[in-house]
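Right, one structure below, let's go through it.
The values are calculated or read from the model by the stated rules, or taken from the named source; none is laboratory data. Computed from a prediction, not measured in an experiment: that's the story for all the values here. Cβ sites come from the backbone with ideal geometry, for glycine too, and all protein chains shown count toward neighbours. SASA here: full protein model, heavy atoms, side chains in, ligands and nucleic acids out. Shrake-Rupley method; radii C 1.70, N 1.55, O 1.52, S 1.80 Å.
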Amino acid sequence: MVSQVLGDRYEVQKQLGKNAGRQTLLARDLKTQELVVVKHLSFGAGLAWDDFTLFEREAETLKALSHPAIPRYLNYFELNLPDSKGFALVQTYVDGHSLEQQLKAGRTFSEVEVRRMAKALLEILAYLHGRQPPVIHRDIKPSNVLLVCSGSSVGQVYLVDFGSVKTLTASEASSLTVVGTYGYMPPEQFGGRTVAASDLYGLGATLITLATGTHPADLPQKDGRIQLRQVTHLTPAFARWLEWMTEPNLDQRLGSAPEALEALEQQRLRGNSFVARKPSGSKIALTKGAGVLEILIPPAGFDLGTGFLCLFAIAWNSFLVLWTGFGVFATPLGINIVFALFSLPFWGVGLSMILAILFNLFGRTRLRLDRQQISLTYELLGVRYSRPQPSSRRDINKLEYTPSFFTRDSDGDRVEIKPQIIIWSGVQKYNFGGSSLSEPELDWLAYELSDWLGLSITRE
């Protein structure tokens, strides 16, 4: 069918897929010159009435949907070709690869990436299930999820192929038609029953496939439950959440997309679990969107450490004034110049202490990431200083989080290492934390950075 024009408008470019009387074609809209997807249902000996019903339902459902992560309905018409008769559904084209294609190509997905896709897909399901009547996809699996990658991040996630879709009215709570895919279909769907939680099972099984690289049916099971923890190194909290999503007993499974999303976001990332919430009382301002994440850390303020530093700075600089004054004015010419030069490093230490005090009282730290670059800026009394210099976001390759711990120095004395976060961009590192931030705040910021960048957290 390549180069054939369908409906006097859509020129076929290539075939994307074929299955039992259905063809999925990539075509060019000759009116708009945009690429579109044409799903073609052909009349033939193998076509059942249910196939036509599902195809028509898919068209009607897509026509009523409007979501940025779902292909948009464009057209629906009857085809009457010399070698083929049937119907055609036209929808927008997404230039991405399915999760199934990515897995076959050898790609592996980190836990952070799997969680990010879980969140994106749950938001799509919340939209579908929240419609009146609710729309149930019924066939969520890796081949029906497209991923448009963007640099080091996961990118945009799309849910496609609504060929098994069902609108859930009171009269359609069950059906004699069994649709879905083995391994991704919950037990109740085998019996023709479909509810919102049925999609959650398919999503959970899809996420398990990403986390393990293995089809759910090939994983160890006990009493119909996937034994996930035997085959992955996922954190226990996330593994429990996935088991909850794929619970075979419908009454014990998570019941809705909003409920599943809330359960995911309330997990904590401390030790073996997740943190996703800002600690109560924290003054850190975090703003984020699709294209930018900015963290503004306010002045630490006056505390006991700053007080001791003030006293020490006063004593140190007072001594330097007396010492330098004596050396310059009470020694012969020539020696006093050498003395003054010798004192300069000590004055540098004194100035550093003064700047540290001022920064604790009035300084702010601003970490900003956008689509192009990462920058870490220190702001004090209207003066801004970036260290290191901004670099390309594409070079970000590692996110480290070091909690507080104690070690011993070369003399055997016990020394506390303050917690910090380090973002590596090539060979440059952007670090913040220390005594100015609490561990709960750093836990929270590490989670937010990990989620936004799509990078796993390395604990050093």
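Per the conditions (1) within 39 Å of the chain's Cα centre (by Cα); (2) farther than 30 Å from residue 452 by Cα, the sole criterion not satisfied by residue 377 is (2). If the condition is being touching a helix residue (DSSP H, G or I) at 6+ places or on another chain (Cβ under 6 Å), open to solvent by less than 40 Å² (accessible area, probe 1.4 Å) and in a strand (DSSP E or B), then the stretch 23-81 contributes only 41. Restricting to the stretch 45-92, name every residue that is of a type in the set (Gly, Ala, Ser) and either at positive phi or within 41 Å of the chain's Cα centre (by Cα) (or both). Of everything in the stretch 45-92, those that are of a type in the set (Gly, Ala, Ser) and either at positive phi or within 41 Å of the chain's Cα centre (by Cα) (or both) turn out to be 59, 64, 66, 69, 86, 88. Restrict the check to the stretch 100-111 and report whether at least one residue is over 24 Å from residue 16 (Cα atoms), open to solvent by less than 60 Å² (accessible area, probe 1.4 Å) and part of a helix (DSSP H, G or I). There is at least one residue in the stretch 100-111 that is over 24 Å from residue 16 (Cα atoms), open to solvent by less than 60 Å² (accessible area, probe 1.4 Å) and part of a helix (DSSP H, G or I).
Once the stretch 240-273 is narrowed to residues that are in contact with a helix residue (DSSP H, G or I) (Cβ under 9 Å, 6 or more places away or on another chain) and exposed (fewer than 14 other Cβ atoms within 10 Å of the Cβ), the residue that is modelled with the lowest pLDDT is 272.
When residue 300 is tested against (1) farther than 27 Å from residue 129 by Cβ; (2) at pLDDT below 75; (3) buried (at least 16 other Cβ atoms within 10 Å of the Cβ), just one condition goes unmet, and that condition is (2).
Looking across the stretch 356-373 at every residue that is open to solvent by less than 80 Å² (accessible area, probe 1.4 Å) and either in a helix (DSSP H, G or I) or among the aromatic types (Phe, Trp, Tyr) (or both), the one that is nearest to residue 436 (Cα to Cα) is identified as 360.
In the stretch 128-151, which residues are of a type outside the set (S, T, N, Q) and assigned to a loop (DSSP other than H, G, I, E, B)?
130, 131, 133, 134, 137, 138, 139, 140, 141, 151 - these are the residues of the stretch 128-151 that are of a type outside the set (S, T, N, Q) and assigned to a loop (DSSP other than H, G, I, E, B).
Of all residues in the stretch 87-146, exactly one satisfies the criterion of being over 26 Å from residue 213 (Cα atoms), at pLDDT below 95 and among the polar types (S, T, N, Q), namely 132. Of the residues making up the stretch 405-438, just one is in a helix (DSSP H, G or I) and either surrounded by 16 or more Cβ atoms within 10 Å (Cβ to Cβ) or at pLDDT 80 or above (or both), namely 436. In the stretch 115-127, the residues that are touching a residue at least 60 places away in the same chain (Cβ under 8 Å) and part of a helix (DSSP H, G or I) form Cβ pairs under 9 Å with partners that are buried (at least 18 other Cβ atoms within 10 Å of the Cβ) and charged (D, E, K, R), at six or more places apart or across chains, as follows: 115/451; 116/451; 119/451; 125/199.
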